Every structure is written in C-alpha cells, then in structure tokens.
Amino acid sequence: MTRIIAGAARGIRIDVPDAGTRPTSDRVRESVLGALESMDAIDGARVLDLYAGSGALGLEAWSRGAASVDLVERSRPAAAVIGRNAAAVGKAVGSAGAKVHQSAVHAFLGRVAGPYDLVFTDPPYELADAAMSADLLALAPLLSADAIVVIERAKRSTTPELVAAGLELVRQKTYGDTAVWWAQPAATPSQSR
C-alpha cells in the first residue's frame, strides 16, 4: 500500500496500477521530496511528472505545496488510477491543480508550453538510453531558468545524457537498485558572471 507521506494530503492512500508500473518506494520518495523541500523547490512550483505510474511523486509534491502538477502516463488503465488518486489528494489539498494526461511522454512534450519548475521523470527501467535522451532534449525548452529535473532509473543504467539537453548534473544518489540523478539548466556564460 502506498500513502502520501507529508503535506496537506498526508496519510491518504493512493492506488497503484495492477501492472506495467514500478512505483517509487516510500524511502526514495521521502528522501527526494525531503531534499527538494529543504531547497525550497516545491512550494508554489509548477510540477511535471513524466511516466507517472500511480502519480505518487507528482501528487506528493502537490500535497507539499506545489501550485500545480501535470501527470503524464501512456497507459490508459494507469492514467485512470492516477485520476482517482489526484481526486483524493485534491480534496485534501483543497484545489484542482492536478491534470492527468493520458499520452506518450514524447508526444506530450511536443505539444505543451511550460514552463515547469520541477520535473520528475521515472521511466520504465527498460526504456532505451536514446529514448531517455530524446525526452530530455524535448523537455529542456519547457524548463524555467532555475528548474530541477529528478531522473529515476535502474542503478545499472548509464548516466543520462544531460549536456546535449542543456542540463548539468547537480547530484546523484543510489538507493538499492534505484539511481536518482538531479539536474538543472546549465548556466549560460552571461548567467555565470
């Protein structure tokens, strides 16, 4: 059973799709979201949760004060589960700031305007590196200048190709079989002065 860990919706149970998803463990979710809170990266943020699965990452951020969350999931049954989870969290949060998009991630990135302040991308572990790189390249123009992108993959995965997407690695951490990379838009020469 998965629950929202903190914030306005703390303790609310969220459902997990029957098949085809790999929910982020409570331990990883608590560590990542706690670190983001300590950086003041959640309050008022526009959040994008790619390969949302159950929506746990994006909904947790919403519970903790994010202004809005777009949850993108290709699977129709999983998107329906996310919709129910978002409705439950929305009642506790007291707003309608969550939108579920039943779409392939790359297609969604090609038609949305952004900007996003916080992005979670937790693709299936079997997603090819080239597809991950293409997603990051499509995501880059949708980011605010101080955005944070959190990428979750299998520990055995190669480090995501960030430079081509104009991103730089901020931190990396492993939790058992899971690796998490944090990235942000690379500073341009005029920004670094």
Item checked: 3 or more residues farther than 15 Å from Asp49 by Cα and in contact (Cβ under 8 Å) with a residue 60 or more places away in the chain: qualifying helices (runs of 4 or more DSSP H) within the stretch 76-152 -> 76-93
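Regarding Ala98, is this residue over 16 Å from Ile4 (Cα atoms) and out of contact with any Asp or Glu (no Cβ under 7 Å at 6 or more places or on another chain)?
On the way: over 16 Å from Ile4 (Cα atoms): no; out of contact with any Asp or Glu (no Cβ under 7 Å at 6 or more places or on another chain): yes.
Criteria not met by Ala98.
Identify all residues within the stretch 153-174 that are among the basic types (Lys, Arg) and either in a strand (DSSP E or B) or touching a Phe, Trp or Tyr at 6+ places or on another chain (Cβ under 6 Å) (or both); write none if there are none.
Within the stretch 153-174, the first condition is being among the basic types (Lys, Arg), and the residues that meet it are 153, 155-156, 171, 173.
Correct list: Arg153, Arg171, Lys173.
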Check: Which one of the conditions (1) without any contact (Cβ under 8 Å) to a residue 40 or more places away in the chain; (2) closer than 21 Å to Ala187 by Cα does Ser157 fail to meet, given that it meets all the rest?
Finding: (2)
Item checked: Within the stretch 93-113, considering residues that are among the hydrophobic types (A, V, I, L, M, F, W, C) and buried (at least 16 other Cβ atoms within 10 Å of the Cβ), the one farthest from Met132 (Cα to Cα) -> Val93
Item checked: Unique match (being touching a strand residue (DSSP E or B) at 6+ places or on another chain (Cβ under 6 Å) and within 22 Å of Tyr125 (Cβ to Cβ)) among Val69, Val28 -> Val28
Check: Hey, any hits in the stretch 82-103 for a residue that's of a type in the set (Gly, Ala, Ser), more than 21 Å from Ala8 (Cβ to Cβ) and touching a helix residue (DSSP H, G or I) at 6+ places or on another chain (Cβ under 7 Å)?
Finding: no
Item checked: Among the candidates Arg29, Arg13, Arg46, Arg3, residue that is closer than 21 Å to Ala87 by Cβ and modelled with pLDDT of 95 or more -> Arg46
Notebook entry, point to check: If we keep just the residues of the stretch 146-167 that are under 17 Å from Asp135 (Cβ atoms) and of a type in the set (Asp, Glu), which is modelled with the highest pLDDT?
Noted result: Glu152
Next item on the list: Scan the stretch 53-77 for residues that are among the aliphatic types (A, V, I, L, M) and surrounded by 24 or more Cβ atoms within 10 Å (Cβ to Cβ) and jot them down.
Entry: Ala56, Leu57, Leu59, Ala61, Ala66, Val69, Leu71, Val72
Check: Got at least one residue in the stretch 31-53 being among the aliphatic types (A, V, I, L, M), in contact (Cβ under 8 Å) with a residue 24 or more places away in the chain, in contact with a Ser or Thr (Cβ under 6 Å, 6 or more places away or on another chain) and not in a strand (DSSP E or B)?
Finding: no
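The values are calculated or read from the model by the stated rules, or taken from the named source; none is laboratory data. No experiment lies behind these values; they were computed from the predicted model shown. For neighbour counting, all protein chains shown are included, and Cβ atoms are generated from backbone atoms with ideal geometry for every residue, glycine included.
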